[in-house]
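Shown next, in C-alpha cells, is the structure this report addresses.
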Amino acid sequence: MEALILEPSLYTVKAILILDNDGDRLFAKYYDDTYPSVKEQKAFEKNIFNKTHRTDSEIALLEGLTVVYKSSIDLYFYVIGSSYENEDFFHTQFGFFLLFSWGLRKNVEKRALLENMEGLFLAVDEIVDGGVILESDPQQVVHRVALRGEDVPLTEQTVSQVLQSAKEQIKWSLLR
C-alpha cells in the first residue's frame, strides 16, 4: 500500500460553531465548501449535536472530520477540522472558549453570549481568518478586541456600546 502524503496547509479550521442546549445555531462560521448550503450546514450541526451533547469526551470523528468541543451551562462550542489534523492542536483553539469566559466574566451562558455577539464576531475574526489560525493566546485576543472597541467612533457604535460608554462616564463623573 502506498501511504497518502498530504501537503502541509495553513487552512486547518473548517468551521467554528456555537449551538444552544437544543442544538440550534447561535453562531456558525464555515471556512470551506464542505457544506455549501445552509440546509446541509444545519443537518451537519444537528448530527454533531446529537452525537456529542450527552458525552463527556471532547473529541469526536464525524463524517470524516475531527470535531473538538466543549460545553458550558447551555452552550456547546465546536472547532471542526479535517480528520488529518492533530486533535491537540484544535484543543489550543479553545482559547476562544476561555476568551468568552473572561469577556463574559465567567458567565458563559446563552443570554450573556447573545448580549455580546459583537465581541464574539470580533474575537472569532482575530482567532481564525479564512480557515487559517492567526492567534491562539486568549489574552492577546482579548487585548486586540478591547482595542478595537475603544477605537470605534461614536457614529459607528451600537446602541449597547453607546449606553455602556454613557454609564461609565456618569459613574466616573459621580466619583470625582
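For the residue pairs K39/K110; K29/K167; K14/K167, the C-alpha atoms sit more than 29 angstrom apart in K29/K167; K14/K167. The figure for E58 is an accessible area of roughly 70 square angstrom, using a 1.4 Å probe on the protein chains alone. When the residues D137, D33, D20 are ordered by accessible surface, computed with a 1.4 Å probe over the protein chains alone, the sequence from largest down reads D33, D137, D20. A 1.4 Å probe over all protein chains sorts E109, E63 by accessible area into E63, E109, starting with the largest.
For the pair M117 and K51, a Förster radius of 30 Å applied to the C-beta separation gives a FRET efficiency near 0.70, rounded to the nearest 0.05. Restricting the trypsin sites (Lys or Arg not before Pro) of region 36-67 to loop positions (DSSP other than H, G, I, E, B) with no more than 12 neighbouring Cβ atoms within 10 Å leaves R54.
The values are calculated or read from the model by the stated rules, or taken from the named source; none is laboratory data. Just so we're clear, the structure is a prediction, and the values are computed from it rather than from any experiment. Using ideal geometry, Cβ is built from the backbone for each residue, glycine included, and neighbour counts are taken over all protein chains shown. The area values use the complete protein model at the heavy-atom level, side chains included, leaving out ligands, DNA and RNA. Shrake-Rupley method; radii C 1.70, N 1.55, O 1.52, S 1.80 Å.
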